[in-house]
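J.: Starting off with a structure, shown below.
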Amino acid sequence: MSSSPYDDLAEIYDLIQKDIDAGHWARYIDGLVHMFGPARGDGEGGRLLLCDLGCGTAGVALEMQSLGYDVIGIDESVLMLEKAREKAAAAGKNILFLCQDITDMELFGTVDVFTCLLDTVNHITRKADLQRMLSLFKNYLNPGGLFIFDTATPHHLRETLGNNFFYTIDEDFALLWENSFSPRMKTSTSDLTLFRQGEGNMYRRYEGRIRERIYTEEELRECLAAAGMELIGKYGELIYEQPEAESAREFYVARRPAGDAVCVSQ
């Protein structure tokens with residue numbers, strides 16, 4: 001039995017995300033850090049130490065290290081992290097990967113930047129769990145440090161995905177995506193089926209389910225404030241401007257006050 005519901009997605013994750021330019025995302029995040037974050041950090045030689053929450057197969061994490069960050073990746077899926085370690089080894093990157101639930105994580109010390117990307121916040125479908133994750137920043141985020149994250153917008157989950165069916169047919173795989181949206185629960189459920197070509201004309205079938213929850217800006221502000229964080233920026237998808245009304249994704253930047261004291265867990 002899988003230890004994580006996302007284990008089932010490990011084989012198809014990079015295919016689902018094939019349109020994501022990890023390098024572009026990393027450069028965008030780096031731009032936000034330069035706008036709002038500290039110049040020196042807890043990494044080797046004063047490099048900024050960044051922790052990517054829900055790192056998946058580490059596409060963006062690897063690119064962040066290439067930009068000069070020391071990087072930690074956390075994900076609850078053993079199989080996702082196996083893929084991440086394979087990619088890091090192939091690229092000659094030294095990243096610490098931890099298999100943990102990001103809403104109940106434990107680190108060895110503090111970091112300068114937390115990221116939570118590719119709708120990972122939406123995947124935390126209980127508001128209490130999101131609040132618990134943010135409360136941990138009192139232990140692990142340095143004063144003046146940043147939390148940078150994106151969310152799928154209500155418009156995207158409710159209208160674009162909605163109750164629709166999508167498919168992608170390629171030379172060696174077919175991906176079927178059946179979506180449903182619950183107005184009462186404010187959740188979007190995506191049932192994914194992948195047929196991937198193996199030896200000869202044989203195809204192997206993979207299945208996975210993604211569930212995401214709408215978070216409004218008001219809810220996010222409330223959760224961040226309760227965790228002692230200040231929301232300092234909101235942007236459209238990979239731009240340094242306000243999002244448009246029908247944007248699919250929004251980026252947020254929150255900061256821990258510079259004079260705040262780090263709590264020590266007992």
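The values are calculated or read from the model by the stated rules, or taken from the named source; none is laboratory data. Everything quoted here is computed from the prediction, not taken from an experiment. All Cβ positions, glycine included, derive from the backbone under ideal geometry; neighbour counts span all protein chains shown.
J.: Only one of (1) farther than 22 Å from G54 by Cα; (2) without any contact (Cβ under 8 Å) to a residue 60 or more places away in the chain fails for R196. Which number is that?
T.: (2)
J.: Oh, and also: Kindly establish whether G236 is without any contact (Cβ under 8 Å) to a residue 40 or more places away in the chain, over 23 Å from D14 (Cβ atoms) and exposed (fewer than 14 other Cβ atoms within 10 Å of the Cβ). Explain how you work it out, then say what you get.
T.: On the way: without any contact (Cβ under 8 Å) to a residue 40 or more places away in the chain: yes; over 23 Å from D14 (Cβ atoms): yes; exposed (fewer than 14 other Cβ atoms within 10 Å of the Cβ): no.
No.
J.: State which residue pairs qualify: first residue farther than 16 Å from D52 by Cα and inside region 8-29, second residue of a type in the set (A, V, I, L, M) in any location, beta carbons under 6 Å apart, and separation of 6 or more residues or different chains.
T.: Matching pairs, first to second residue: A10/L79; A10/M80; I12/L194.
J.: Further question: Got a sec? Which of E222, E218, E246 is surrounded by fewer than 12 Cβ atoms within 10 Å (Cβ to Cβ) and assigned to a helix (DSSP H, G or I)?
T.: Values: E222 fails: surrounded by fewer than 12 Cβ atoms within 10 Å (Cβ to Cβ); E246 fails: assigned to a helix (DSSP H, G or I).
It is E218.
J.: If you go through region 162-183 one residue at a time, how many are modelled with pLDDT under 90 and among the hydrophobic types (A, V, I, L, M, F, W, C)?
T.: 1
J.: What helices (runs of 4 or more DSSP H) lie completely within region 76-183 and have 2 or more residues being surrounded by fewer than 19 Cβ atoms within 10 Å (Cβ to Cβ)? Break it down into steps so the answer makes sense when it comes.
T.: Values: elements: 78-91, 120-123, 127-135, 137-140.
Ranges flagged: 78-91, 127-135, 137-140.
J.: Just name the residue that is farthest from the chain's Cα centre (by Cα) out of those in region 184-215 that are in a loop (DSSP other than H, G, I, E, B) and at pLDDT 95 or above. Lay out the reasoning, then the answer.
T.: Residues of region 184-215 in a loop (DSSP other than H, G, I, E, B): 184-186, 198-202, 214-215.
Subset that is at pLDDT 95 or above: 184-186, 214-215.
Details: R184: 25, M185: 22, K186: 20, I214: 15, Y215: 15 Å.
Filtering first and then ranking leaves R184.
J.: Please state which of the following conditions Y206 fails to meet, knowing it meets all the rest: (1) in contact (Cβ under 8 Å) with a residue 12 or more places away in the chain; (2) in the same structural domain as G109 (by TED's automatic domain parsing).
T.: Of the numbered conditions (1) in contact (Cβ under 8 Å) with a residue 12 or more places away in the chain; (2) in the same structural domain as G109 (by TED's automatic domain parsing), the odd one out for Y206 is (2).
J.: Separate question: Kindly provide the set of residues from region 14-71 that are outside any helix (DSSP H, G or I) and of a type in the set (S, T, N, Q), ordered by number. Spell out how you get there, then give the answer.
T.: Restricting attention to region 14-71, the residues satisfying the condition of being outside any helix (DSSP H, G or I) are 17-21, 37-43, 47-58, 67-71.
The answer is Q17, T57.
J.: Same structure, new question: Among (1) modelled with pLDDT of 95 or more; (2) of a type outside the set (K, R); (3) not assigned by TED's automatic domain parsing to the domain that holds K138, where does D260 come up short?
T.: In the conditions (1) modelled with pLDDT of 95 or more; (2) of a type outside the set (K, R); (3) not assigned by TED's automatic domain parsing to the domain that holds K138, D260 misses (1) alone.
J.: Then there's this: Among the residues of region 13-30, is there at least one that is closer than 21 Å to I102 by Cα and touching a Lys or Arg at 6+ places or on another chain (Cβ under 8 Å)?
T.: Scanning region 13-30, I find at least one residue that is closer than 21 Å to I102 by Cα and touching a Lys or Arg at 6+ places or on another chain (Cβ under 8 Å), so the answer is yes.
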